[in-house]
Amino acid sequence: MVALAPGIKGDTTPRDIEQRYKRACADVGKSKPQCALAWWAFRHAFAGKNWNTSVVSDYDYYFKVLPYPLNYKDRALFWTGAPVLEAALADQAGLYGSSNIVPNKIVDTMQSKYGVTAWCGKPGGIDYTSTNCPVYQLHTPSYTFYQAFSTHFAEKAAGTVFFLTGNTFRNTSMFALFELPTLLRNRSVKKVVVLNVFQENTCDQLPLTNIRDKVLGAYPRKRYHCAYIEGNVRQDPPSQDLLDKLTAVVSFHCSQVVNTVADRCMDYHNQQVPIHCRVCGQRLMKYRAKKSISYECKVFSAELKIAFDIDTSGDDVNIHLEMFCKQCQLSMQRTISAIEKGVHYKCAVTVFEWLKHTDQQCKVCEHFHACSSGHMGRSTVRSGRQAGFTPNLLIAHLEKIAPPPVLA
């Protein structure tokens, strides 16, 4: 029996389902405005609808409000029969799974900690309830939610994906019904690695051989590997020895996988360095997305020294960039021309200070993030979200369109 949070009863009513969802949302680290907007999108998927007419597209807006991580390449972890081991492995190996992706983690917490096992709507208006709702029946909101999450998750996977199995593979599991077919159609998925912790010598037996045949017969073609790792899948918490063995297999089959948050930050730093300007630190611009408008520092080392007092002879390839942008090149020409004519010219370019990457509060990584999110840059007019926008304003607008039910 699942142990509920203190003060939470096993039965639920329409009055407290919203409160329990928001408490689960706060438990995963989201703010009150974010949780209010997420609840509105979640309720919108089933409120006022028949309990047996739910479809996957009902949750599309919910997944837009709580977006997935941007990069799933070589980091997607699917599972069956091993929820505790999946959560521990995802945390240690730096993988993404149902245990740490926010849209699903909120619902799992609402079910396990706050006792809301199912939810459904009532025809007419926008009423909803969590009482007498069928649990995990086809076309019910609770079943459709996990179907939608599984499909969205598999669609965003790329590179090498991992499947952790801790019991006999069932053809009625979410992985068999929704995740595997989506992975087979996903052109970005190149390899499927099965982590078998259930029973020795089952990699070459049914039903795992069915997965192998489907993966190898998929178009576009994909690679397949099944590895048996001995260990107790039921142990809670899992043994460190088993986690180390699984992490070693993950690292071996995926050259891009990283094991710690510090490694992920370092990987991000190294990816961003080559595409920013050595002088001003801004992102290098492209002309018609084909020709990069940039210049090599070593070719203009003398001019950079005169215009910006930058000595590129002592640059470290792991810290400093090799290119600078068109705007800085124009400023360099104007400065040198003014010096030759003996005219005072104030250069408008602020030279960016490049520092070695640090695991905590790396200033260079913060600068990269500011550039990519639009908080810094040459253009001050940007399309998209208007200034002064807050989630509360959107919630107020949505509530006018579809006001919440009045509960007695």
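Among the conditions (1) open to solvent by 30 Å² or more (accessible area, probe 1.4 Å); (2) modelled with pLDDT of 80 or more; (3) not in a helix (DSSP H, G or I), GLN256 misses just one, which is (2). Scanning the stretch 138-167 for residues that are surrounded by 18 or more Cβ atoms within 10 Å (Cβ to Cβ), more than 22 Å from VAL56 (Cα to Cα) and out of contact with any strand residue (DSSP E or B) (no Cβ under 6 Å at 6 or more places or on another chain) returns a single hit, GLY166. Scoring LEU85 on the criteria (1) at pLDDT below 90; (2) crowded, with 21+ Cβ neighbours inside 10 Å; (3) touching a Pro at 6+ places or on another chain (Cβ under 9 Å) leaves a single failure, condition (1). Among the conditions (1) over 29 Å from GLN111 (Cβ atoms); (2) in contact (Cβ under 8 Å) with a residue 40 or more places away in the chain; (3) not in a helix (DSSP H, G or I), PRO220 misses just one, which is (2). Checked against the criteria, PHE46 does not count as assigned to a helix (DSSP H, G or I) and open to solvent by less than 20 Å² (accessible area, probe 1.4 Å).
Just the residues that are closer than 26 Å to GLN271 by Cα and part of a helix (DSSP H, G or I), please, taken from the stretch 307-358. Correct list: PHE308, THR312, SER313, GLY314, LYS326, GLN327, CYS328, GLN329. Taken residue by residue, the stretch 300-311 has no member that is open to solvent by 90 Å² or more (accessible area, probe 1.4 Å) and modelled with pLDDT under 80.
When PRO134 is tested against (1) out of contact with any helix residue (DSSP H, G or I) (no Cβ under 7 Å at 6 or more places or on another chain); (2) under 24 Å from ARG20 (Cβ atoms); (3) buried (at least 23 other Cβ atoms within 10 Å of the Cβ), exactly one condition is not met: (3).
Scanning the stretch 101-120 for residues that are surrounded by fewer than 18 Cβ atoms within 10 Å (Cβ to Cβ) and assigned to a loop (DSSP other than H, G, I, E, B) yields LYS113, THR117. Note on the stretch 168-183: among residues that are among the hydrophobic types (A, V, I, L, M, F, W, C) and open to solvent by less than 30 Å² (accessible area, probe 1.4 Å), the one that is modelled with the lowest pLDDT is PHE169. Does the stretch 54-74 contain at least one residue that is modelled with pLDDT of 90 or more, surrounded by 18 or more Cβ atoms within 10 Å (Cβ to Cβ) and among the aliphatic types (A, V, I, L, M)? There is no residue in the stretch 54-74 that is modelled with pLDDT of 90 or more, surrounded by 18 or more Cβ atoms within 10 Å (Cβ to Cβ) and among the aliphatic types (A, V, I, L, M).
The number of residues in the stretch 213-227 being of a type in the set (Lys, Arg) and modelled with pLDDT of 90 or more comes to 1.
Return the residue satisfying two criteria in turn: it lies in the stretch 88-97 and is modelled with pLDDT of 90 or more and either within 12 Å of PHE153 (Cα to Cα) or of a type outside the set (A, V, I, L, M, F, W, C) (or both), and of such residues it is surrounded by the fewest Cβ atoms within 10 Å (Cβ to Cβ). It comes out as ASP91. Restricting attention to the stretch 186-209, the residues being over 21 Å from LYS245 (Cβ atoms), in contact with a helix residue (DSSP H, G or I) (Cβ under 9 Å, 6 or more places away or on another chain) and surrounded by fewer than 16 Cβ atoms within 10 Å (Cβ to Cβ) number 2.
The values are calculated or read from the model by the stated rules, or taken from the named source; none is laboratory data. In this text, all values refer to a predicted model and were calculated from it rather than measured experimentally. All Cβ positions, glycine included, derive from the backbone under ideal geometry; neighbour counts span all protein chains shown. Areas reflect the complete protein model, heavy atoms only, side chains present, ligands, DNA and RNA absent. Shrake-Rupley method; radii C 1.70, N 1.55, O 1.52, S 1.80 Å.
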